[in-house]
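Data first, discussion second: the structure below is written as C-alpha cells.
The values are calculated or read from the model by the stated rules, or taken from the named source; none is laboratory data. Keep in mind the model is a prediction, meaning the values are calculated, not measured. We place every Cβ from the backbone using ideal geometry, glycine too, and count neighbours over all the protein chains shown.
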Amino acid sequence: MLAALLSVGYSFIASSAEQASERSITLGDLTFSNHGTKEVKGQGELDLGADNYYFEPTFLRGTPGQKLKLEIENESSTLHNFSIPEQNVDVNIPRKGKVVVEITFPSSGVVRFFCKFHVSRGMLASC
C-alpha cells in the first residue's frame with residue numbers, strides 16, 4: 001500500500017520538491033523533510049547529504065532497474081542511518097563521516113529510504 005501511495009503521489013511531490021526546499025511534505029501518514037529533487041537518470045553515482053534530520057536531495061528520479069552508487073556524507077554531529085529494507089540495506093553513517101551504498105530503482109519506480117533513528121523527525125526520502 002505504501003508503494004502504491006508513493007507512486008500515486010510521487011509526481012506531485014517531486015514537482016513540489018523542485019520548487020521549494022526546507023519544507024515538510026506529508027503523504028498519507030509520512031512526513032518528508034523536503035530538501036529538493038535530483039534527476040539521476042543515466043547516472044551511476046551521486047553524492048547524498050545527511051544532516052540534521054534530512055537527506056539532501058530528498059527525492060531522486062531514476063529509471064526502473066537503474067543501479068546508483070550513493071556516497072552519503074553525514075554533515076552533522078549526530079549518528080544517522082541509511083536504510084532500504086526491501087534491498088537489505090541498513091548502514092550507519094558515522095558523525096561527520098561517509099559511507100558508500102549501491103541501490104537499485106525498483107520496477108515500481110519508487111522506493112523509500114530513511115534514517116531508522118530519525119524517521120519520526122522527517123528523515124526519510126524517496127527515489
Output the number of residues of the range 39-63 satisfying the condition of being surrounded by fewer than 16 Cβ atoms within 10 Å (Cβ to Cβ) and aliphatic (A, V, I, L, M). 0
Select from the range 27-38 the residues that are surrounded by fewer than 22 Cβ atoms within 10 Å (Cβ to Cβ) and of a type outside the set (Ser, Thr, Tyr) and write down the one among them that is farthest from Lys96 (Cα to Cα). Gly28
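Conditions (1) over 14 Å from the mean Cα position of the chain (by Cα); (2) at pLDDT below 90; (3) not small (Gly, Ala, Ser), marked per residue:
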{"position": "Lys67", "(1), (2), (3)": "yes, no, yes"}
{"position": "Asn81", "(1), (2), (3)": "no, no, yes"}
{"position": "Val101", "(1), (2), (3)": "no, no, yes"}
{"position": "Ser107", "(1), (2), (3)": "yes, yes, no"}
{"position": "Arg112", "(1), (2), (3)": "no, yes, yes"}
{"position": "Phe117", "(1), (2), (3)": "yes, no, yes"}
